[in-house]
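The values are calculated or read from the model by the stated rules, or taken from the named source; none is laboratory data. In this text the structure is predicted, and so the values were computed from the model without any measurement. As a convention, Cβ positions derive from the backbone with ideal geometry for all residues, glycine included, and neighbour counts pool all protein chains shown. Protein only, heavy atoms only, side chains kept; ligands, DNA and RNA dropped before computing areas. Shrake-Rupley method; radii C 1.70, N 1.55, O 1.52, S 1.80 Å.
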Amino acid sequence: MPEEIFSSAWLQRIKDNDPEAARELVRELYPLVMRIVYSHLPRRMDAEDLAQIVFVKVFQKIEQYHGDAPFPHWVSRIAVNTCLNEIRSEKARPELRWADLSEDQADALDRVLEQKEEQSVDGQSATRELARKLLETLQPRDRTILTLLDMEGHSVAETAEMTGSGVAVVKIRAFRARKKLRKELEKLEKIR
């Protein structure tokens, strides 16, 4: 390379949308970005996809780089923040995918979707585990309400008292949580 990588002239070429300078940036910083991505990889995201998002953000924000820190440190900061944002997003909107299920759980889901009767103890265990995984897709408060109502058999009034909510709130939250669980089941059914 004729000029030193990360020099102000080289960065100006990137800011001026020079494709060769952009390729050099990706080539030079790809190993660094991939190390960060692999160490902070969200569960449901492909490392290459996340690295691509990082580089898009680097190019979008290149005008914000003023040389206060070394350029690789600045890119590292973007990479870490991008990974952490993806992890937060995943936690805020959890979902269950067919690939997340064990073979027994997938069989149990098949039986539920086809409305077959359970017979074996193993099948019942897999169904309970599947129910637990589906419940994990709900917000903690909704999960508690459904567990109290549907799994432990408490009345709406008892559930309201135990959770410190009103009866109407419990009914509405339970209705919405069941609706969300049905949607999760429908998603799983579509991809099986």
Probe 1.4 Å, protein heavy atoms only - accessible area per residue of region 147-192 in square angstrom: 69
V58 - accessible surface, heavy atoms, 1.4 Å probe, Å² rounded to 10: 0
Highest average packing first - 13-26, 135-148, Cβ atoms within 10 Å: 135-148, 13-26
L84-A22 FRET efficiency (beta carbon distance; Förster radius 25 Å; 0.05 resolution): 0.50
Exposure ranking of I62, I87, I172 by accessible area [1.4 Å probe, largest first]: I172, I87, I62
Inter-label distance for A157 and E63, nm, one decimal - labels placed 7 Å from Cα along Cα-to-Cβ: 6.4
